[in-house]
1. Taking a label point 7 Å from the Cα of A36 along the Cα→Cβ vector, which residues of segment 83-106 have an amide N closer than 11 Å to it?
2. Starting from 0.36 nm per residue, how many nanometres of slack lie between E101 and V56 once their C-alpha separation is accounted for?
3. Over segment 39-78, what percent of the accessible surface lies on carbon and sulfur atoms, probe 1.4 Å?
4. How many Å² of accessible area per residue for segment 61-125, probe 1.4 Å?
Amino acid sequence: MSNHTARYGSSAPSPPARTSRQPIHAHPEFRSISAAYRRFGIAATVFSVGGFLSYVLLSSFAPGVMNQRLIGHLTLGLTLGLAQFAVMGVTALLYVRHMREKIDPVVRRLRSQLEEHEAEQPRVPAGRRFGAW
């Protein structure tokens with residue numbers, strides 16, 4: 001006999017108590033920010049990795065192109081290598097801007113709704129959370 005059967009007289013576990021509000025991960029706005037975050041992440045990854053991969057491929061398979069001098073001792077390969085820092089900087093800048101404009105306002109709105117919902121819930125005193133043995 002299972003512990004659940006002994007306590008409640010049924011072998012089937014009871015369903016969880018339903019609340020009037022849906023969980024935060026099922027909220028449509030939460031799903032929209034998850035999708036927006038995912039879309040930006042994919043685009044940023046393609047941009048960053050694509051830039052780095054093109055640099056590596058050009059270095060490996062077109063060394064003549066990469067060794068072309070631009071000004072003095074500055075070659076195209078060195079310029080493209082230094083441009084990788086710019087690619088990472090632009091990616092970071094776009095990430096911060098995307099989060100500030102698209103994600104943060106929705107997160108603040110969801111957080112305030114969640115805090116309002118939690119404020120409506122009755123509080124159990126800290127010493128009274130668990131029953132006696």
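The values are calculated or read from the model by the stated rules, or taken from the named source; none is laboratory data. Keep in mind that what you see is a predicted model, and the values were worked out from it rather than measured. Methodologically, a virtual Cβ is constructed for each residue, glycine included, from the backbone with ideal geometry; neighbour enumeration extends over all protein chains shown. Quick note on the areas: whole protein, heavy atoms, side chains included, nothing else; ligands and nucleic acids left out. Shrake-Rupley method; radii C 1.70, N 1.55, O 1.52, S 1.80 Å.
1. Of the residues in segment 83-106, 98-106 have backbone N under 11 Å from the label point off A36.
2. The E101-V56 span can extend by a further 12.8 nm.
3. The value for segment 39-78 is 74 percent carbon and sulfur by accessible area.
4. Per residue, segment 61-125 has an accessible area of 77 Å².
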